[in-house]
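Inspection log for the structure reproduced underneath, given as structure tokens.
The values are calculated or read from the model by the stated rules, or taken from the named source; none is laboratory data. Since we're looking at a predicted model, the values are computed, not measured. Surface areas here come from the heavy atoms of the whole protein model, side chains and all, with no ligands, DNA or RNA. Shrake-Rupley method; radii C 1.70, N 1.55, O 1.52, S 1.80 Å.
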Amino acid sequence: LMIKLKSLLVERIDYQDTADQLVKDYGLRSKVKFGSVRGGNKGHYDWKKDIINLKSSYPSVKEFIITVLHEIDHAKDRKKMGAKRYEKEYTQSGQDAEDKGRDFHDDNSFEEKAEKWARKEYSRKWSQKFK
């Protein structure tokens, strides 16, 4: 029974600490909050308050890390451009998508760039650390 029980024990990660450390690793000061994302989105970046909002749970550690990296890319853009310019360019990109009959958020070039960067960054830098 003891041997069987030992094989069931799995290491758990602290999602809050992991997200905070990732944010810090990219030289950002964004706050991380859990539980404030609803619907189909896995995460949301509040550019006004510089807060990365995340769902309470994820299907895998990989999806969690990719989501955090995705939101980090938005925060990096905001830091580089400044909040007002970021808002203006993000909104313009969403409007351009809508003008073509597409979705403001899902087809926004900022979202596409962030997702591509997050997946590439995960493979390049983080996949071996979070197996």
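Report relative contact order for region 25-131 in percent, whole number only (criteria: Cα-Cα under 8 Å, sequence separation at least 6).
23 percent
Looking only at the chain, where both bridge partners belong to it, what percent of the DSSP beta bridges are antiparallel (to the nearest 5)?
Here the share of antiparallel DSSP bridges comes out near 50 percent.
At a temperature of 37 °C and a viscosity of 0.692 mPa s, determine how fast the chain diffuses translationally according to Stokes-Einstein, using the Kirkwood radius over alpha-carbon pairs as Rh; express D in µm²/s, rounded to the nearest whole number.
206 µm²/s
Would you kindly state how much longer the chain becomes between ASP25 and PHE104 on full extension, computed as 0.36 nm times their sequence separation minus their alpha carbon distance, in nm to one decimal?
My answer for the length gained is 25.4 nm.
Given a 1.4 Å probe, how much area per residue of region 42-131 is accessible, in Å²?
60 Å²
With each run of n ≥ 4 DSSP H residues scored as -39500 (n - 2.57), what mean residue ellipticity at 222 nm is computed for the chain after dividing by its residue count and rounding to the nearest 500 deg cm²/dmol?
Rounded to the nearest 500, the figure is -17000 deg cm²/dmol.
Whose amide H sits under 5 Å from the amide H of VAL32, counting only residues 5 or more places off or on another chain, with H placed in the peptide plane?
Amide H to amide H, under 5 Å and 5 or more residues apart or across chains, VAL32 pairs with ILE52.
Would you work out what percent of the accessible area of the chain, with all protein chains in place, is carbon or sulfur (probe 1.4 Å)?
The nonpolar share, carbon plus sulfur, comes to 51 percent.
Multiplying the sequence separation of GLN16 and LYS76 by 0.36 nm and subtracting their Cα-Cα distance, what value in nm do you get?
Extra length from GLN16 to LYS76 when fully extended: 19.7 nm.
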